């Protein structure tokens, strides 16, 4: 974990480490940093929501068609047993329901929430990541983690200080 004073210093260090081949980087900032957001991979949440919404809409429409036109048909005044306009409100509402529930639960799953504890909380001064400090973490699982003097590189890139997180026993 490396602490930086400004978003520009954090962005420079992030880009330098990416150029060196580091792939498992995490940033902790009080607000979004544009240059880093542009480099993040595209989220799968919208695609999952689209699929869930389409499934929910198709499910609702087919259920209404089956109930009203096939399973229990009632002829009221000579009207057709299946009338598409009458099915639109429930189909729309079910589409929205399935998409929003999928988005909520998938977002929670992808973000790792709810997480009440994370090892970075042990770093002294990390609470300032929500106020005025910018932190960059390099995961130990990164293929390049043990190859070079990472601490010296981060300090040369403008880090105020670096700390290594140890596993808690």
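The range 1-109 holds helices (runs of 4 or more DSSP H) entirely within its bounds, and those carrying 1 or more residues that are farther than 29 Å from residue 124 by Cα and touching a residue at least 60 places away in the same chain (Cβ under 8 Å) map to 45-65. Consider residue 155 carefully, then state whether it is touching a strand residue (DSSP E or B) at 6+ places or on another chain (Cβ under 9 Å), surrounded by 14 or more Cβ atoms within 10 Å (Cβ to Cβ), at negative phi and not in a helix (DSSP H, G or I). Judged against the criteria, residue 155 is not a match. Examine the range 67-87 for a residue that is surrounded by fewer than 14 Cβ atoms within 10 Å (Cβ to Cβ), on the phi < 0 side of the Ramachandran plot and modelled with pLDDT of 95 or more, and state whether such a residue exists. The answer is no, given that none of the residues of the range 67-87 is surrounded by fewer than 14 Cβ atoms within 10 Å (Cβ to Cβ), on the phi < 0 side of the Ramachandran plot and modelled with pLDDT of 95 or more.
The residues in the range 117-134 that are more than 10 Å from residue 30 (Cβ to Cβ) and either assigned to a strand (DSSP E or B) or in contact with a helix residue (DSSP H, G or I) (Cβ under 6 Å, 6 or more places away or on another chain) (or both) can be counted, and the count is 2.
The values are calculated or read from the model by the stated rules, or taken from the named source; none is laboratory data. If you're wondering where the values come from, they're calculated on a predicted model, not measured in any experiment. So basically every Cβ, Gly included, is an ideal-geometry build from the backbone, and we count neighbours across all protein chains shown.
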